[in-house]
Amino acid sequence: MVDFSFDVNELFPAEITAVRSDLIPVGYLGNKNHSLIQQQVSAVLDVMGEASAKAQGLKTSITSGAKFRTTDCQQTAYILVDKFGNSGKGSVVGLLKVGRKKLFLLDEVGKPNELVPQCVLDFYVAERRQRSGLGSRLFQHMLIEERADPRYLAVDRPSSKLVSFLRKHYGLVNTIPQVNNYVIFSGFFHDRPQDQCSPVPKKARIYMGKLQYV
Ligand code: ACO
């Protein structure tokens, strides 16, 4: 559990709240000024990002307030709060960051495909609260919000705990070998829905009398 000097319950209105690059929690109901909210959300992302990196044995954090604000791809961080923690001010217990990334991914026969899949980028539940179903609650919430199917996700460098988590909760076991750090599972290319957005907007042009997007 991570406690902060400010009121976590006021900052994050729900048990699981989404935050995007504006650093204003979705559904924020308080009356603090924007820069104070952003400062506090940034502090939460910094602390949770650091804890996640430490848990994964990484030298640098994948998530921080500054990185989150300036990323060029659309990302969402889902923040899980224990509403009863820190004498009723609330404690932050989990972070799950997802976002679309342009990736070259090999299919079952080794053919490269350029896709913009939803990716699991960072995932952390406070040590003392792990293995009690909180990670699953956070992940399930993300799947609903993102209208995502676990088999179509790409996972950035999953830890052994996350590999075990995905096997246990979603039966994801067989991987399709890649040449980058992303892990995808068999079924990733089957009946794959069109990836909804691309980080680079396409330009329209007329070519040979036809409208094309390049
Ligand atoms: N060892 C092995 N498997 C584990 C462990 C562990 N210490 N902890 C959780 N798991 C897996 C197991 O499958 C476990 O089921 P089991 O207890 O029956 O073996 C299952 O997760 C438990 O599910 P939840 O309780 O819903 O998950 P939890 O709240 O523990 O959250 C998470 C899972 C986020 C992976 C958590 O364990 C964690 O924060 N680990 C440290 C950080 C980490 O490795 N994050 C993923 C990095 S990779 C990435 O983010 C792309």
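The values are calculated or read from the model by the stated rules, or taken from the named source; none is laboratory data. Treat the numbers as computed from the prediction; the structure is a model and nothing was measured. Every residue, glycine as well, gets a Cβ built from its backbone with ideal geometry; the counts of neighbours run over all protein chains shown.
Test each condition in (1) surrounded by fewer than 17 Cβ atoms within 10 Å (Cβ to Cβ); (2) touching a Gly at 6+ places or on another chain (Cβ under 8 Å) for VAL93 and report the one that comes out false.
The one condition VAL93 does not meet is (1).
Yes or no: LEU96 within 16 Å of the ligand (Cβ to nearest atom), touching a Leu at 6+ places or on another chain (Cβ under 9 Å) and modelled with pLDDT of 95 or more? Before you say what the answer is, go through the steps one by one.
Details: within 16 Å of the ligand (Cβ to nearest atom): yes; touching a Leu at 6+ places or on another chain (Cβ under 9 Å): yes; modelled with pLDDT of 95 or more: yes.
It is true that LEU96 is within 16 Å of the ligand (Cβ to nearest atom), touching a Leu at 6+ places or on another chain (Cβ under 9 Å) and modelled with pLDDT of 95 or more.
Conditions: (1) in contact with a helix residue (DSSP H, G or I) (Cβ under 7 Å, 6 or more places away or on another chain); (2) away from the ligand (no atom under 12 Å from the Cβ). ASN113 meets all but one. Number of the miss?
(1)
Scan the stretch 26-60 residue by residue and report those that are small (Gly, Ala, Ser), farther than 15 Å from VAL98 by Cα and within 14 Å of the ligand (Cβ to nearest atom).
Result: ALA51, ALA53, ALA55, GLY57.
State all residues of the stretch 116-155 that are near the ligand (Cβ under 10 Å from one of its atoms), surrounded by fewer than 19 Cβ atoms within 10 Å (Cβ to Cβ) and at negative phi; if no residue qualifies, say none.
GLU127, ARG129, GLN130, SER132, LEU134, SER136, ARG137, GLN140
Hey, can you tell me all the residues within the stretch 1-42 that are surrounded by 16 or more Cβ atoms within 10 Å (Cβ to Cβ) and part of a helix (DSSP H, G or I)?
Those that are surrounded by 16 or more Cβ atoms within 10 Å (Cβ to Cβ) and part of a helix (DSSP H, G or I): VAL8, ASN9, GLU10, LEU11, ILE37, GLN38, GLN40, VAL41, SER42.
Looking at the stretch 156-170, which of the residues that are out of contact with any helix residue (DSSP H, G or I) (no Cβ under 9 Å at 6 or more places or on another chain) and either of a type in the set (Gly, Ala, Ser) or under 17 Å from ARG100 (Cα atoms) (or both) is farthest from the ligand (Cβ to nearest atom)?
Taking the candidates together, the pick is SER160.
Does PHE104 fit the bill of being more than 13 Å from the chain's Cα centre (by Cα), modelled with pLDDT of 95 or more, surrounded by fewer than 16 Cβ atoms within 10 Å (Cβ to Cβ) and closer than 21 Å to ASP3 by Cβ?
no
Hey, could you check the stretch 61-75 for residues that are part of a helix (DSSP H, G or I) and touching a helix residue (DSSP H, G or I) at 6+ places or on another chain (Cβ under 9 Å) and say which is nearest to ARG100 (Cα to Cα)?
Filtering the stretch 61-75 for residues that are part of a helix (DSSP H, G or I) and touching a helix residue (DSSP H, G or I) at 6+ places or on another chain (Cβ under 9 Å), the one nearest to ARG100 (Cα to Cα) comes out as PHE68.
Restricting the first residue to the stretch 36-62 and requiring it to be touching a residue at least 24 places away in the same chain (Cβ under 8 Å) and over 20 Å from ALA18 (Cβ atoms), which pairs with a second residue that is of a type in the set (Phe, Trp, Tyr) and near the ligand (Cβ under 10 Å from one of its atoms) meet a Cβ separation below 8 Å and a spacing of at least six or different chains?
If the second residue must be of a type in the set (Phe, Trp, Tyr) and near the ligand (Cβ under 10 Å from one of its atoms), the pairs left are ALA55/TYR124.
In the stretch 61-84, which residue that is of a type in the set (Phe, Trp, Tyr) and buried (at least 16 other Cβ atoms within 10 Å of the Cβ) is nearest to the ligand (Cβ to nearest atom)?
Among residues in the stretch 61-84 that are of a type in the set (Phe, Trp, Tyr) and buried (at least 16 other Cβ atoms within 10 Å of the Cβ), the one nearest to the ligand (Cβ to nearest atom) is TYR78.
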